[in-house]
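Peer 1: One structure, pasted below without further comment.
The values are calculated or read from the model by the stated rules, or taken from the named source; none is laboratory data. Just so it is clear, the model here is predicted, and its values are computed rather than measured. A quick note on method: Cβ atoms are made from the backbone with ideal geometry, for glycine too, and the neighbour counts reach across all protein chains shown. When the accessible area is computed, the model is the full protein with side chains, heavy atoms only, and any ligands, DNA or RNA have been set aside. Shrake-Rupley method; radii C 1.70, N 1.55, O 1.52, S 1.80 Å.
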Amino acid sequence: MHNAITLTQFLIQDQRRIVTASGELTSLLNDIVIACKHIANVVNKGALIGVLGSAESENIQGEEQKKLDVISNDIVLTRNEWGGHLAGMASEEMEDVYNIPPQYPRGKYLLVFDPLDGSSNIDINMSVGTIFSILRCPEDVVEPTATDFLQPGTEQVCAGYAVYGPSTMIVLTTGNAVNGFTLDSNVGEFFLTHENMRVPENTEEFAINVSNERFWEPPVQRYIDECIKGANGPRGKNFNMRWVASMVAEVHRILTRGGIFMYPKDTKDKSKPGKLRLLYEANPMSLIIERAGGMATTGRERILDILPEELHQRIPVILGSKKEVEIVCSYHREMD
Ligand code: AHG
Ligand code: MN
Ligand code: MN
């Protein structure tokens, strides 16, 4: 029998270290954890309860919604709207900000989330996840609007993700460290299994959707070309490639064994400067990666410093092991 501490115990111990802490953040995180357990349960049952496949609808980004995108979004809303810790929520799957229903008290935080990341993997039984980020609601704002969510990633109070893979895990950064917790579904609790996760500095593994190669900018084309040339090219070493098409799964791999992940700027659709969403995907993952000793950039600027202009803004993302990300940045500087 394992004797690791539970996620609840970890959060309460963490809270006790801050003398002035009110416990609100701990309670909010507990509700998010319950939402993730609930989503894990539905994802796990899959075809048995008829939740696979398309919802026959599109989200605000013009992407097809899976039934599980909609179900997971509803679960996060339901589990978090009542607790009195939030002033509002915003999700990849909802056009507008979600205001807290009038029967519930308001709190000081904002919750931003991608309810089901990598949902194209659902029907093929591959890893998917939930990404979340907590911001402070600006003071004196009772009914937050989209503008109140437009805060740079450096303002995040906390960020994390759940990965629904062979094990269900939650990875979280509350203070300065990144910790991973594994769900023991018999006990119904997450246990601390991955303490102080760190991104290894050196890596020989890259993740990018190579089918977009012709749409990339020259610095990214050069970097990937050099990785592919391996020991025979300027890098003088061989690289390996992975592409799960689920950012949660890629970031989890990078936190475990290193690597670089890129969804760079491309010209595939000129109206979109990148595919991934700044608020729901790039910012929370960048905070986690930086706190774990890695780096996250668009190639030209640090992601966490960007002042968002709109709720559903997309940006290029290049993150992971510091030395590799620095090489990609240096190619942008040289070739711009
Ligand atoms: P989502 O399922 O929330 O829309 O996110 C999918 C994202 C990201 O997780 C992944 O890295 C990327 O889109 C995959 O894109 P491609 O299908 O273009 O490879
Ligand atoms: Mn996503
Ligand atoms: Mn999603």
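Peer 1: Under the rule of at least 5 residues apart or a separate chain, name every residue whose amide H is placed under 5 Å from the amide H of ALA55.
Peer 2: GLN65, LYS66, LYS67
Peer 1: Another one. Let's see if you can work this out: charge +1 on each Lys and Arg Cβ, -1 on each Asp and Glu Cβ, no other charges. What is the dipole magnitude of the chain about its Cα centre, in debye to the nearest 20?
Peer 2: 1000
Peer 1: Given R₀ = 22 Å, FRET efficiency for ASN238-HIS2 by Cβ-Cβ distance, to 0.05?
Peer 2: 0.05
Peer 1: How much length would be gained if the chain were fully extended between ARG302 and ARG333, taking 0.36 nm per residue of separation minus their Cα-Cα distance, in nm to one decimal?
Peer 2: Net length gain for the segment: 9.8 nm.
Peer 1: Can you give the accessible area per residue of the range 10-54, in Å², using a 1.4 Å probe?
Peer 2: Roughly 53 Å² per residue, with all protein chains present.
Peer 1: Ordering THR267, THR147, THR130 by how much accessible area each has at a 1.4 Å probe, largest first, what is the list?
Peer 2: Greatest to least solvent exposure: THR147, THR267, THR130.
Peer 1: Remind me, relative contact order of the chain in percent, using alpha carbon pairs under 8 angstrom and six or more residues apart?
Peer 2: In percent, rounded to a whole number, it is 15.
Peer 1: Ordering GLU204, GLU58 from largest to smallest accessible area (1.4 angstrom probe), what's the sequence?
Peer 2: GLU58, GLU204
Peer 1: With the other protein chains left in place, how much accessible area per residue, in square angstrom, belongs to the range 205-335 at a 1.4 angstrom probe?
Peer 2: It amounts to 40 Å² per residue over the range 205-335.
Peer 1: Next question. Please give, to one decimal in nm, the separation of the simple spin-label points placed at GLN61 and GLU139, each 7 Å out from Cα toward the Cβ.
Peer 2: For the pair GLN61/GLU139, the computed spacing is 3.5 nm.
Peer 1: Across the chain, how many lysine pairs separated by 8 or more positions, or lying on different chains, have Cα atoms within less than 19 Å?
Peer 2: 10
Peer 1: Could you work out what % of the accessible surface of the range 1-42 is carbon and sulfur, using a 1.4 angstrom probe and leaving DNA, RNA and ligands out of the count?
Peer 2: Roughly 56 percent of what the probe reaches on the range 1-42 is carbon or sulfur.
Peer 1: Oh, and also: Can you find, among SER57, ASN73, VAL142, the residue farthest towards the positive end of the dipole of the chain? Put +1 on the C-beta of Lys and Arg, -1 on that of Asp and Glu.
Peer 2: ASN73
Peer 1: Treating only the Cβ atoms of Lys and Arg (+1) and Asp and Glu (-1) as charged, compute the dipole magnitude of the range 7-194 about its Cα centre; round to the nearest 20 debye.
Peer 2: 820
Peer 1: May I ask you to list the GluC sites (Glu not before Pro) in the range 231-331 that are in a DSSP loop and have at most 10 other Cβ atoms within 10 Å of their Cβ?
Peer 2: The qualifying sites are GLU309.
Peer 1: Under 8 Å for C-alpha pairs, at least 6 residues apart: give me the relative contact order for the range 127-219, rounded to a whole percent.
Peer 2: Relative contact order of the range 127-219: 19 percent.
Peer 1: Tell me the accessible surface of ILE315 in square angstrom (1.4 angstrom probe, heavy atoms of protein chains only), to the nearest ten.
Peer 2: Near enough 10 Å² of accessible area.
Peer 1: Place +1 on the Cβ of every Lys and Arg and -1 on the Cβ of every Asp and Glu in the chain, take the dipole about the Cα centre, and give the residue among ILE306, GLY23, GLY129 whose Cα lies farthest towards its positive end.
Peer 2: Positive-most Cα among the choices belongs to GLY129.
Peer 1: Give the carbon-plus-sulfur fraction of the accessible surface of the range 205-335 in %, rounded to a whole number; probe 1.4 Å, heavy atoms of protein chains only.
Peer 2: Carbon with sulfur: 48 percent of the solvent-accessible area.
Peer 1: Now for a different question. With all protein chains present and a 1.4 Å probe, how do THR173, THR6 order by accessible area, largest first?
Peer 2: The residues order as THR6, THR173, largest area first.
Peer 1: Using a 1.4 Å probe on the protein heavy atoms only, what accessible surface does THR193 show? Give it in Å² to the nearest 10.
Peer 2: Number for this one is 70 Å².
Peer 1: Any idea which of ALA292, ILE315, PRO273 is furthest toward the positive side of the dipole for the range 205-335, if Lys and Arg beta-carbons carry +1 and Asp and Glu beta-carbons -1?
Peer 2: ALA292
Peer 1: Quick check for me: using +1 on Lys/Arg Cβ and -1 on Asp/Glu Cβ, what's the dipole size of the range 199-296 about its Cα centre, in debye to the nearest 20?
Peer 2: 160
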